[in-house]
Each structure stands twice: as structure tokens, then as C-alpha cells.
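Structure, as C-alpha cells:
Every number here is computed from the coordinates shown, using simple stated rules; none is lab data. Note that the structure is a prediction, hence the values are computed from the model and not measured. No Cβ is skipped: glycine too gets one built from the backbone with ideal geometry, and neighbour counts run over all protein chains shown.
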Amino acid sequence: MFPPALHLGLTRATAPSPDGAETHIERNDMLTVQDKLPAFELTACVSREPGQEFKTVTDKDFSGKWKVLFFWPMDFTFVCPTEIAEFGNKTAAFAENNAVVLGASTDSHFVHLAWRESHPDLKELPFPMLADTKRELSSAMGILHPDAGVDLRATYIIDPDNVIRHVTVNDLNAGRNVDETLRTLQALQTDKLTPCGWNPGDATL
């Protein structure tokens, strides 16, 4: 059971070490709009095809593209696959808007692969599942839960210059709305003033 509280004032997170002991993890301030995406180089699960399961993904990849980077707490859980599957369903729609989807958690790339193999909704995912096993990216972005040591449900929209243009963060129990992420991306890309409830085709201000 995930701890129910989100304590933004804490600056350290805890996570189990391989021997079962509690390990303290440094947690930075949460990155927000106009901050830069931190540099990273992570192994990702990208396929179930033998010999093609894994590749390295970095912050320098996807030149000229917007990026939708979302984090989930843990593989083999309950809310997470509903979100991951829906991001997968909408990957083509994001691509139509010059954006790539990247998902991440603190699980290893081998755990990602095992989950994809075992969960029917994740078998054909079209986006990389980043393995932030050392919690370096999660810590740099300030999105580790202060008690559980896993990622909060953070979603970032990042422009082609690797500048964060939108961020939302949910506590561990509340799933996201992927359609709203897509709509927000489209609104940001207009580079105009978009009123409340704006959708593509609506007038801007």
C-alpha cells in the first residue's frame, strides 16, 4: 500500500536497498515550467522482439521534437497500466503533433520487459519505457515520493529546446487524463493565448 500523504516539504526520500535496508535518496526541488530537462542516459525497454528489447535513450535524442515525459510509481501495480496503455493508444496522436512519448519509472529495464510480456495491454507499447534504476533522473526532477521512494505520477511537456513548458504531478493513487495532456500540448504549440477549455479549431484570444 502506498503511503497516502504527499509531503512536499521533505528533501529526502527513502527506498529499499538490495539487502532490504532503508536507503536515503537525495531529492531536489521539483522542476517546473521554464526549467531545462536534465541530462540523462538511460536504458529503455522498447520491444519484445528477441535481441531488440533494449536501447539507450538520452536527453539529446528526438531532435526537433516535443517530448511528453511521464513517470509512474511502480511496475506490476494497478493504476499504472491503465495510464501506460492509454499513452500507448494516444502515441500516434502525439506524433501527429510533432511529439514523442517517453515513459519512466525506477524499475529496471528487465522488469519493464517482464511486465510487457505478462500484461496484455502493454505487449505492443509503441514508446520507450525508461529504467531510472539509480533514481538519477527522478531525483534531478524532484519527483520522488518522500516516503515510498518511487516516482510520483508526474507528466512533463518539453519543447524541442528541452525547456519544460507544462508539468502536472498527481499523488500515487490518482490516475491521469491523457486526452488533457494532448490538448495542453496542442495549446502550447499555438504560441497564442488559449482560453479555458480551448480545443484545436477553437478561436484563440
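Structural remarks
- The stretch 56-99, residues that are basic (Lys, Arg) and under 16 Å from Glu124 (Cα atoms): Lys90
- Of all residues in the stretch 70-88, those that are free of Cβ contacts under 8 Å to residues at least 60 places away in the same chain have Cβ atoms under 6 Å from Cβ atoms of residues that are crowded, with 19+ Cβ neighbours inside 10 Å and assigned to a helix (DSSP H, G or I), 6 or more apart or on another chain, in Asp75/Trp115; Phe76/Trp115.
- Candidate set: the stretch 108-149, residues that are over 15 Å from Trp72 (Cβ atoms) and among the hydroxyl-bearing types (Ser, Thr, Tyr); chosen: the one surrounded by the most Cβ atoms within 10 Å (Cβ to Cβ): Ser139
- Positions within the stretch 180-199 being out of contact with any Ser or Thr (no Cβ under 7 Å at 6 or more places or on another chain), within 16 Å of Lys90 (Cα to Cα) and surrounded by 12 or more Cβ atoms within 10 Å (Cβ to Cβ), in sequence order: Leu182, Arg183, Thr184, Leu185, Gln186
- Residues (within 19 Å of Lys65 (Cα to Cα) and touching a Pro at 6+ places or on another chain (Cβ under 7 Å)) located in the stretch 162-205: Gln186
- In the stretch 103-187, counting only strands (runs of 3 or more DSSP E) that sit wholly within it, the ones holding 2 or more residues that are over 11 Å from the mean Cα position of the chain (by Cα) and touching a residue at least 12 places away in the same chain (Cβ under 8 Å) span 164-170.
- The condition of being surrounded by fewer than 23 Cβ atoms within 10 Å (Cβ to Cβ), in contact with a strand residue (DSSP E or B) (Cβ under 9 Å, 6 or more places away or on another chain) and under 20 Å from Thr43 (Cβ atoms) does not hold for Ser105.
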